[in-house]
Every structure is written in C-alpha cells, then in structure tokens.
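Down below is the structure, laid out as structure tokens.
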Amino acid sequence: MSLVRRVVSVNRWVPRRRGAINKKTTRVSQVKWTMAPTAAAKPDLVRSVTTDAASLQAYLSRNTHKRVFLLSSEDFTLWCERETSARLQRDPVAAIHARGDATRRFHLKTLGRLETAAIAADAAFRDCDDAPAIHAAEKTLARAKAAIEGMRSFLEVMETLEKSCHDVSRHETGELRSKSRADDATKKAEATRLKLVALVTNLPGLERSLRSLLVSSKTWHAKELAKEALRNARQELGLESLERAAKEASKKSGRELTSKGSSFEAFGARIVGNLIREGGLSGFVQTRNPEPTNPKPPNLLLLRNVHLGMAFGELDLVLVSVDDVEEAFVGGDETISQKDKKRKKNAVTVLAVFECKRNPDDCASGYVKRVGDLHWLSGGATTRVYDREQYVNKNYPSGHFTVGYHPCSRIIRPVFPNEVDERIVARLANPSASSIVLTPESFRLFDDKQTDTHPPRRLWLFTRPRT
C-alpha cells in the first residue's frame, strides 16, 4: 500500500536527499505530485505548476543520497565526519552541545566523582528521619505562596471590573450591574481579602519553621554541600554557561522554525486556494458524486490550524463546504441548548485535509499521525481503528470525538469569494464573535470503512524538495 497517496510539492527543484519518500514502496500511479518553481507567491503561480506522476518518479529516482551500507569502514568514517562537521556548522545548538560533551569527557574523572557523591548524599537525605518533616514544611510553604499570588491576582481583576463598571452606564453593563451580582462580587472580594491577610500574617512563621528544620538536619547540609561542590566544578569548567547558551539557542531555533513553518503553511494555503480556483484539485472539490454536476460547490472555506480541542496536534489546512449556513456557525451569545441543537446536525462537509511539511523528512511521521487523527475525527464508525486512550482529555473524556468548534478568526477567506453566501461574509467580518461547528459526520468522507492501513483518499501532503 502506498505510503503517500498525494503530494503537493513546491519550491526549487534541487533536492539533495530524497527525504522520507521511499520509491520502492510508493506506487506512483496513486500519487499526485505538484511542483512549483519558486516559493514566492505570484498571481500566475498556478500556470507554472505541474501535476503528473512523471515529476514524482523523477524525484524518487534521483541518486543524490548515500547508500551507507555499501561503503567501506574507512569511507563510512569519512562520511560520518563530513556529515557531523556540516551539522555543527549549520546548527548552533548541536555545536554547543558538542562542546559540552567534549568538556565532560575530558573531565570525566572529576565530574564523575562529584556526581556520585551528590547522588549518594541525596539518597541519604531521602532515607533519613528528617526528610518527611522537611518535605511537608516545604510543601506547606509553597502552597501558601501560591495561594497568596492567586488571591492577589484575583483582587486585581475584581478592582479592574469595579472601575470599568463605574465608567459605563447601567444600560451598557446589563446584568453585570445588577444589585444581586454586585453584592455577591463585593462579598467574595472581601472574603478573599480577609484570607489574604491571614496567609500573609502566617507566612513568616512557616518560613521560620522550615529554616529550623533545615538547620537541625545534618543530612540536608551534607546534600547541599555535595550539590554545591558539583555546581562549582561545572561553573569553573564552563558547563553551566554552555547549558544556558544551548537553552537560549534552542529557544531561538524553535522560534525560527515555528516562524518558517507558519510562513510555509500560509504559502501552502495560497497555493491550495489558487489550485482549486484554477481547477487543479477539481477531483476533490466534491462531496459524494464522482462527477458532480457543479464542480464548484458553493460556500467553500479553507480553515487553518484546526485544533478542535484534540489532545495534541492539529490539521494545518482543511477544505470545507458549508451546506447549511444557519446551522454551521455558533455565536458566543447562543445558549447551551442552541449549541447542542446545532451539534446534532450536519451542516459542514470536510472535502480535503492538507498536511504542510516544510521539511520533506517529516512527511512520513506527519502522514501517519494525520491518518490516525482522521480516523478519530470521522468516528471510526466501522472498525474503531484508533486508540481512544491517546485522545482522552478534558474536552473528550471518553476518548471519542463528538463535536468541535473552530473559531472564525482562523478561517481563510472563501475560496470563491463571489460565490459565497452573504451570511458567511457577515460572519467573517466579525470573526471573534462566532465559530464553525464540526462533527464526526462532517468528516464522513474520510470514513471509507477500511482498516487503519488504508490511506484516506482526501489527505494531501504539501511539501517541497529538499534543498
């Protein structure tokens, strides 16, 4: 069975490695490959896109990767050295970690002795008679500090609300200015202030109790001395500064990758929209009929970063058709019963899902993850091929998808702006006020009553050749 059913690929045609696509296990006849010459979005970009199996076959056939199992031991060593050197030059985080590893290996005896002593001292403290009382005192003090911080934050919010109530009229505030609710808020704030005063008054006594226990514990002092000796040695060797630098470089690299990934997803959304408008993906802009009479269903929307309260992950791009505008959206002013009524109806149909991967090496893992998510979102009505335990969270305590709300603020403009219902345009004009409703029935086109090894026909991978 094909690992990748469809691939939409963009950017320059200069791959250095094949990435995660295996030419032996991929049946090109089942794959749609779309190639654009540049990552810059242009109005006439679709005209330069090719969609044929020959382009994908050419990519899979390129012999630009190393078959390391054919190398001799000497050649393999040289290849490893070159790859490592290249990695250290382009990846500052890896370079810092390599320096730290080299330092630890060079001072292995000194650091090993201090680390062993610190571990032994910590174990001795955990087994001593003083540990339970010290742990209890530390826990009590931490809870008191957390409670004080929370109460102060709550009172700050209440003061802000009281000031805002005085700045607007009674008509504008509605129930917020009603006497009963105002009295309840005042009583709650006053009770919180009394509790806060009591906690602040008791805090010095809790700190003194903990200090007294620590001073009288010889094993605790021994543990702290061992930790301090190890910390001083690491500081002298520069390991502490290297770890701080690695942490900061890792954060910077993560921010850059996130930014690049978001930019690539935005570019992918523009490409997908252009392809649909130009007919490049017309075979999947349909619902149930293989050859629909109307190849452009009305009210096509492209959703981005569809989370739906999942335990982890999200769908990068989702193409939907709004079948019933009145039932497809919920607003913040609607009651729970009104929302429950809409969640039982099928007003939205998901036509295609696009997984955007800037790095083609991530395609395989992303594809496998999305296949599982789509089985879960479609309800897995026939086989329950997903593991529900992986999806259990506060939104779905049963582990099964029931309903999700996607905010209109993360809806890209309609695919065919001139053919969309005016009520949808009004919704998107005020995106913070409503959400679109998605249910397992919305994903019914992905429930093709097959096993988990059967790839969904409407899942697309959007990537680029490795450069």
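The values are calculated or read from the model by the stated rules, or taken from the named source; none is laboratory data. Worth saying up front: this structure is predicted, and the values here are computed from it rather than measured. As a convention, Cβ positions derive from the backbone with ideal geometry for all residues, glycine included, and neighbour counts pool all protein chains shown. All accessible areas refer to the heavy atoms of the entire protein, side chains included, with ligands and DNA or RNA removed. Shrake-Rupley method; radii C 1.70, N 1.55, O 1.52, S 1.80 Å.
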Checklist entry - For V322, what is the net charge nearby, where nearby means another residue's Cβ is under 12 Å from its Cβ and Lys, Arg count +1, Asp, Glu -1? => result -4
Item to check | Total formal charge among the other residues, if their Cβ is under 14 angstrom from that of E228, Lys/Arg +1 and Asp/Glu -1 | outcome: -1
Item to check | Surface per residue (accessible, 1.4 Å probe) for the stretch 68-153, Å² | outcome: 72
Checklist outcome for this item: FRET efficiency for V368 and L194 from the Cβ-Cβ distance with R0 = 60 Å, rounded to 0.05, comes out at 0.60
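Starting from the Cα-Cα distance between E243 and A94, subtract it from 0.36 nm times their residue separation and give me the gain in nm to one decimal.
Between E243 and A94, full extension yields an extra 52.5 nm.
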Checklist entry - What is the list of residues in the stretch 197-226 whose amide nitrogen lies under 18 Å from a point 7 angstrom out from the Cα of A124, following Cα to Cβ? => result 214-226
Next on the checklist: Suppose accessible area is computed on protein heavy atoms with a 1.4 Å probe; arrange K369, K251, K109 from highest to lowest.
Outcome noted: K109, K251, K369
Checklist entry - What nm distance separates the two modelled labels at A311 and T160, each placed 7 Å from Cα along Cα→Cβ? => result 3.4
Checklist entry - Using heavy-atom solvent-accessible surface (probe 1.4 Å) with all chains present, what is the largest-first order of E441, E278, E314? => result E278, E441, E314
Next on the checklist: Please give me the summed charge of the neighbours of V200: other residues whose Cβ is under 15 Å from its Cβ, Lys and Arg +1, Asp and Glu -1.
Outcome noted: +4
Checklist entry - Taking θ as phi - 60°, what are the ³J(HN,Hα) couplings along the stretch 369-377 by the Karplus curve (6.51, -1.76, 1.60), each to the nearest whole Hz, with x for Gly and Pro? => result 5, 5, 4, x, 5, 6, 4, 5, 5
Checklist entry - How would T192, T201 line up by accessible area, probe 1.4 Å, largest first? => result T201, T192
Checklist entry - With every protein chain present, what accessible area does C128 have (1.4 Å probe, heavy atoms only), rounded to the nearest 10 Å²? => result 20
Next on the checklist: Considering all alpha-carbon pairs of the stretch 194-258, what whole percent are spaced by more than 18 angstrom?
Outcome noted: 67
Checklist entry - Using a 1.4 angstrom probe and counting only protein chains, how large is the accessible area of I119 in Å², to 10? => result 120
Item to check | Accessible area per residue, Å², the stretch 379-448 with all protein chains present, probe 1.4 Å | outcome: 51
Checklist entry - How much solvent-accessible surface does K139 expose, in Å² to the nearest 10, with a 1.4 Å probe and all protein chains in place? => result 120
